[in-house]
Every structure is written in C-alpha cells, then in structure tokens.
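Read the figures in this text as sums done on the coordinates, not as results from a lab. Remember, it's a predicted structure, so these values are computed and weren't measured experimentally. As a convention, Cβ positions derive from the backbone with ideal geometry for all residues, glycine included, and neighbour counts pool all protein chains shown.
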Amino acid sequence: MIGTGRKRAVLIGICDALIVVFSALLSLGLRFNFDIIPSEYLIPAIYCLPIDILIAILVLRFFRLYNRVWTYASMEESMSILEATICIEIIYVLYHYFFQILMPRSFYIFDAILLFLMFLTSRFARRIQKQLFSEKSDEELKKRTLLIGAGSAASILIQETQRVSRSSRNIICIIDDNVNKKGKYLKNIPIVGTRDDITAVVKRYKIDEIIIAIPSATSKAIKELLEICHETEAKVKILPAIAAGFTESLADMVREVRYEDLLGRSPVRVNQAGIGAFLEGKTVLVTGGGGSIGSELCRQIVKYNPARLLIFDIYENNAYEIQMELERHYPDQQIITLIGSVRDYDRLNKMFESYKPQIIYHAAAHKHVPLMEDSPNEAIKNNCLGTYNMAKLADIYEAENFTLISTDKAVRPTNVMGATKRICEMIIQSFSKQSRNTRYAAVRFGNVLGSNGSVIPLFSKQIEEGGPVTVTHREITRFFMTIPEAVSLVLQASLFAKGGEIFVLDMGKPVKIYELAENLIRMKGYKPNQDILIQITGLRPGEKLYEELLMDEEGLTKTANEKIFVGHPIKMDEKVFFKELEELIALSQTNGDEIQKALAGVCLTYKRKV
C-alpha cells in the first residue's frame, strides 16, 4: 500500500503537471490577447508539454518541494519555489533554443510568472484557507470548558475569558449543586445541572476541560468532585483557595490538579509564632539534611533566624544542593554543612563538641522497605545504631530538644525497616526517662507525597516511559501527607514535646494506591489501562495491605493543634532493652544469620511477613 506521505506527494505531482499545461496555454493566450494562436506556436507548445512536465517535476523534486510540511510554510519555502521556477524556465529556454523550437519571448516571461504563482498557491492553499477562516479555526481549537460552581469566582473567570480574544478556552456550560440555579444563565453561560450530571454533561457537550471554580470549597469537597470528574475523559483543573480573596485575574490562577488535592483533608496548620520563639537564636542540627524531609526542615528552620543551622548528611551531593539553595536565599544566615555518618560515634562526638547543637531533628535513616529486607544489617546499623549514637550524645552535650522522624511502618511492623524504626522510638522514649537535660520525642506519619523513593516519583517516571505503572496489590492503601505538612508536624511536635511522646497526625482516610495510580495517569492526560497499563505485581516481602498510625496500647491525647495527637510511651524495662539493643547492634556488625530473630527479640511487636 502507498503511505500517506507518498500518496500526498503523488497528488501534488499531478497538480503540478496540470499547472504546467495550464500555464503554457495561458501564456500563449496572454501573448496573443486571447485571440487565435498561430499554429507554428500552438502545436510545438502542445508537443513539448510532456517534456515540460517532466522537467518541472524533476526540478521541483530537486528543490525538495514534495516533502515539506506546507501547513507551517514560511518565506523560506516561498524562495525555494521562486528559485525552482526560474530554474525550470531557464531549462525551457535552453532546450527550446537547442532544438530550434520557436516561441515568442514574452511567452517565457508570462510562463515563469504563472508557474510561480500557481506553484505557490497550490502549496499555500491550506495556509491561505486557515488565514481566511481564522476566527472559526481558532474557536474550534479552544478547549471546550465546563465550570463547576456558579459563584462570584466563576462569574469573574467567565468575564475574563470572554474579554480576552486569544483565550485558550471556550466556556460552554456550568454545573452547580444549587438546584434552583439549573436552567438559569451566568454571563450568558447556561447552568445545566448539579454534580450528579457532570459525567453526562461532559459527554453531551463534548467537554475537553473541567475547572473547579469554588475557591472556598473544603479539601474534602474538592476530593469528592475530583473523584467524579476523573470518571470522565476531560482534563481537570482547579481555582485554588487563594483566589477567594481576589476580584480579578483569576484566569491566571487556574492550575493543574496536584497530588495533595487527592488527600481530601485540610493542610496541617502550626503555631508559627511559637516555633519562631523556639528556634530563633539557637544552634539547630538536622541529620539527613539533604533528604526529602531533611532538606524541607532546613528550608523552614532557616526562616526562623537560628544562630546556626547545621546540615549533616552522608550524601555530599544532596547536602551541597540544599546548602547552595539556602545560602542563595539567606546570605546572612550561618549555614554549616558537615559530611559524615550517624553510625560513626567519633565523628558525631567531634561535631557535638565543636558546635554544641541545642535543637536536633534526626531524619537520617534507611527507609526503603524492600531494600532493607535484603540488607537487615545495614538497616540496624544506620537506623538503630545511628539513633542510639545521636540520642546518647544529645544527652551528654545537654541539647535542649531531640526530635526523631519516625513512620507509620513502626506500628506492629512486618518488615525490617519498620522494626528498626520502632526500636528508634523505643530508644527515644528510654532516653527521655533517664535524661535530665534533653526533651526527646518522635513524630510518626505516613507516606510523604513526592519524597525520594515514594510512589509518586516512581509512577511519574513509569508514565513518562509509557508504562506499565506497577502496583503491588489492587486493595493496598496508605496514609499520605505532603512534605511541607510533614515538616510542619515535626516542628510543632518539637515545640509540644515534654518528653517521650510519639506525635501522630490525623491524616484523614487512607488512600488506595491503585486509585492514586489511576488519578495520576489521568492528571498526565492519559487513560488508565488504555493508554497506560496498571500492572499488579504482588505484595513484596514485609509489605502490609494496610498501615496503622497507632498501637492500641499507646492511646491518644489531644494537643493544642486539632490535627496532632500524642501516643504515650509503652512500659518496658530500659536496662533489659539497652542490653538487647547493644547485642543486636553487635550482631549486625558480623552479618550474622540470626539477625531477624534478634530483631524480633528487641522489637516484640515485629511479626515478619514473607
């Protein structure tokens, strides 16, 4: 079969042949004022037509005028046509002279002009049509938009869109949950139904884009609307809450749906004034300061004007990046970046001796569940030994406050990573009981959206590569929060800490990972399991279907922040615990085969899942 490009070139070639014939006859007609053309000129002209056509097509092909995209043709293409036409006419003159074919001199002038104009017109026809009917074409190119919400924000958005002639969207209709508005108009745009009608309206009006234009809507309401909108094939955008305070330029505020919009709860708010007084003028240390949580901690801490910010990390590239970023934005702040491992007691001791940190945020840890299943010794060395070293030195050098970054996987852990983080919590709670100088606390939260190694970057990369997106189980769920929320919780917890608490965030309902994958695929403009396949791979060793944030025996107490709760320490024998902990750490140095059993001996809630 002939390909589309080849077929198009053949059609253009036929058109060029007809142009050559028409141009030759018309040129003679013009020369003799459309009177009777003498046979000594007409007959040779007709006999020469096959040769003229062959010459014209060969020259046009030589100038590559059969394989260009003429929809976007410009002056460069016009000059190529002119050059080809001149070349064709010169060849005509030469071969006519060589074979003594007599033609009027004006014939060549008329022929050259006509060939150029007709070659140009035939190739620019699409472009000319687009220019002549630009209004209709532009209108067709605009996104057919559905607004959700018929309030003041929608009114301003419609007004802006109608005022700007080059707007990329054409607002077709509106949805509003107030049934009394159905059948009415807002700025000449019909209100066609409620949220129950969204799917039908998108199909009926061939909607390309949906804008949720309710800046005052709660996070829960936004999530519910997104769930309905994602059942359609339309792209969804949001007018954010910040737009509620504006009366103009709302069109520029319309944004893409973000991961946090899918959580269905309000962001955590913290006592900014209290944190400012807590951190200002202090020497603050962040271990793992180059990581996702650690670097955001550094960004937020530096705003509160600490005396010094110490960034401690084993990975120099990340540490260097956050150092450069902070120095660029806060040139007057003293920011010190130190490279080292929390496993190395002597290195930590020298740092504490030199800088005497007053407030410590311990974020350094191994956190990848599957990797730690294969390398349990490294998890114990980095997480347990690292935390043990840090907690011990914080007490020795009389730090005021020590906050551990923990995880929901520490609750009744079924994997090595979770078990080691639970032991880290136990270390903190044990030191809290015996220290006279330092207030120790832990902060426990779920998965962090967009952090290194989390599902969002993984899914995004898989989508960019064309899929499949891999999910371990169709029913698997996880709690999620944003990086700024996680850090807000950590800072608030350090302010609330009295000693030994485990702070827990009210994270709303857990999110199904499969649904998160579907929504992310839609957010990228694709259809789940059509454009991008979602593949179920099976649960990995140590992986739970459902995560928990609290053990029953820990209990819950409210704090001044309605989104933050306190889980209380579980009773244990600290002497026995520290003895078993040191034995576990010693065993991890030898790569012993009994490491899993020893781990379960220290963390009694650890139930290995294979």
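Overview of values
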quantity	calculated
Whole-number D in µm²/s for segment 348-454 (Stokes-Einstein; Kirkwood sum over Cα pairs; 4 °C, 1.567 mPa s)	91
Segment 152-229: C-alpha gyration tensor shape, a/c 1.5 cut-off, then a/b vs b/c	rounded
Computed FRET value (nearest 0.05) for Gln162 with Gln530, which takes r as the C-beta separation and R₀ as 25 Å	0.10
13 Å beta-carbon shell around Ser106, net charge (K/R +1, D/E -1)	0
Equivalent ellipsoid semi-axes, segment 320-410, via Cα gyration tensor eigenvalues times 5, rooted, Å	25, 18, 13
Segment 366-504: relative contact order in percent, alpha carbon pairs under 8 Å with at least 6 residues between	27
Backbone N within segment 360-382 under 14 Å of label point (7 Å from Arg540 Cα along the Cβ vector)	366-376
Prolate/oblate/rounded call for segment 191-236, Cα gyration tensor, a/c under 1.5 rounded	prolate
Cα centroid separation - segment 298-362 against segment 274-289, whole Å	11
